[in-house]
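Mind having a look at this structure? Questions to follow.
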Amino acid sequence: MQGQKTNKHNLGDLRQMQSLPLEAKLLMTERRIREWVEYWGEDHVYVSFSGGKDSTVLLHLCRKLYPELVAVFSDTGLEFPEIREFVKTFDNVVWVKPELTFKEVIDKCGYPCISKEQAEWIHRIRSGQCSNSIRKAFYGKNPDGSDTKYKLSEQWRFMLNAPFDIGSGCCMEMKKKPIAKYAKQTHRVPIVGTMASESKLRTQIWLQQGCNAFDNRKAVSAPMSFWTEADVWEYLRRFNVPYCSIYDKGYVRTGCIFCMFGVQFDKEPNRFQQLQRTHPKIWRYCMKPRDKGGLGMREVLEYMGIPYENYLVEDSPRDRTD
């Protein structure tokens, strides 16, 4: 089957689309969903469903048009308990699981910290992979002496001496591989709830592919790419769509509990200080040393200089790890 060509866009197009009212965005999103499902066939499409607010809106939109459309949830074991319980309330959801536990992923890939890019550079430099990559990563120079676009940040070079492994392979092992295995077995292509406003990388992907990437080697539809977080909340409230209760506990992100990517940008209380208050048992498991049955994340956060604990009077002594 020959894929359709995707339209090229620029940042001006994106900003204009992001500024549209929700009513206009709904029409555009529904059209992209219909184009995707009609092209591939309903039996060859699935909705990527994480249980978070964005994918909840996506699933609601898709099933308004195609009530029997299958959803796929990656049960990594790293989700909040509230997320897993929320996903259980939906019918026709396929649960897929990774082959490795998170502890095994740490042993294989290292701790996911700083960012995917910085963690990958640290991993490559420390493992001695490819002299050209090391030169590019550490010095920010190509072999011809020109500047590279990306390099290991001066701020995080001290992490090269960390007494623990660091890497970016966690997402691949815990999420992408199980989903890819499902897609290969079923010959289905995904509809995802990602938005360009979430990161520079996702903005670049939209600029290159648009919403529906028919001709991409890895075909994917992202019909909400031009939405904003405010649009998502407006949709949930306007149409009285149930969402996971974890958001009502103050969380703005509901990804993997143990992920440290971007924690340095969190305002206090950061995600782990918040976790101590809302899920103290999980927090203790995160912070407990590996040789005592935990994940050893306290050592990582302390080395990074990231606060992870609340020291207020109402904190319970049993919530401390020391």
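What are the residues in region 218-227 that are surrounded by 16 or more Cβ atoms within 10 Å (Cβ to Cβ) and either part of a loop (DSSP other than H, G, I, E, B) or in contact with a Phe, Trp or Tyr (Cβ under 7 Å, 6 or more places away or on another chain) (or both), if any?
Listed by number, the residues that qualify are 219, 221, 222, 223, 224, 225, 226, 227.
Here's another thing I want to ask about it. What is the residue count in region 128-170 for residues that are in a helix (DSSP H, G or I) and modelled with pLDDT under 90?
Residues meeting the conditions: 10.
Looking at region 183-217, which of the residues that are assigned to a helix (DSSP H, G or I) and touching a Ser or Thr at 6+ places or on another chain (Cβ under 9 Å) is nearest to residue 43 (Cα to Cα)?
Checked region 183-217; the qualifying residue nearest to residue 43 (Cα to Cα) is 209.
While we're here: If we keep just the residues of region 282-298 that are touching a residue at least 12 places away in the same chain (Cβ under 8 Å) and in a helix (DSSP H, G or I), which is surrounded by the fewest Cβ atoms within 10 Å (Cβ to Cβ)?
290
Right, next: So, in region 71-126, of the ones that are modelled with pLDDT under 95 and aromatic (Phe, Trp, Tyr), which residue ends up nearest to the chain's Cα centre (by Cα)?
So the residue we want is 102.
Return the only residue of 204, 185 being surrounded by fewer than 19 Cβ atoms within 10 Å (Cβ to Cβ) and under 26 Å from residue 94 (Cβ atoms).
Unique residue meeting the criteria: 185.
Within region 233-248, is even one residue among the aromatic types (Phe, Trp, Tyr), loosely packed, with under 14 Cβ neighbours inside 10 Å and modelled with pLDDT of 90 or more?
The answer is yes, given that some residue of region 233-248 is among the aromatic types (Phe, Trp, Tyr), loosely packed, with under 14 Cβ neighbours inside 10 Å and modelled with pLDDT of 90 or more.
With the condition kept exactly as written, say whether any residue in region 239-250 is touching a strand residue (DSSP E or B) at 6+ places or on another chain (Cβ under 7 Å), on the phi < 0 side of the Ramachandran plot and of a type outside the set (A, V, I, L, M).
No; the residues of region 239-250 include none that is touching a strand residue (DSSP E or B) at 6+ places or on another chain (Cβ under 7 Å), on the phi < 0 side of the Ramachandran plot and of a type outside the set (A, V, I, L, M).
Kindly establish whether residue 65 is over 21 Å from residue 248 (Cβ atoms) and either surrounded by fewer than 18 Cβ atoms within 10 Å (Cβ to Cβ) or aliphatic (A, V, I, L, M) (or both).
yes
Can I ask one more? Return yes when residue 318 is modelled with pLDDT under 90 and assigned to a helix (DSSP H, G or I) and no when it is not.
yes
It is to be established whether one or more residues within region 25-40 are in contact with a His (Cβ under 8 Å, 6 or more places away or on another chain), surrounded by fewer than 16 Cβ atoms within 10 Å (Cβ to Cβ) and assigned by TED's automatic domain parsing to the domain that holds residue 226.
The answer is no, given that none of the residues of region 25-40 is in contact with a His (Cβ under 8 Å, 6 or more places away or on another chain), surrounded by fewer than 16 Cβ atoms within 10 Å (Cβ to Cβ) and assigned by TED's automatic domain parsing to the domain that holds residue 226.
Is it true that residue 46 is over 30 Å from residue 152 (Cα atoms), of a type outside the set (Gly, Ala, Ser) and part of a helix (DSSP H, G or I)?
Criteria not met by residue 46.
Looking only at region 248-281, which residues are in a helix (DSSP H, G or I), farther than 13 Å from residue 307 by Cα and in contact with a Pro (Cβ under 8 Å, 6 or more places away or on another chain)?
Residue satisfying the conditions is 277 alone.
The values are calculated or read from the model by the stated rules, or taken from the named source; none is laboratory data. Source: prediction; values computed, not measured. Here Cβ is always computed from backbone atoms with ideal geometry, including for glycine, and neighbour counts include all displayed protein chains.
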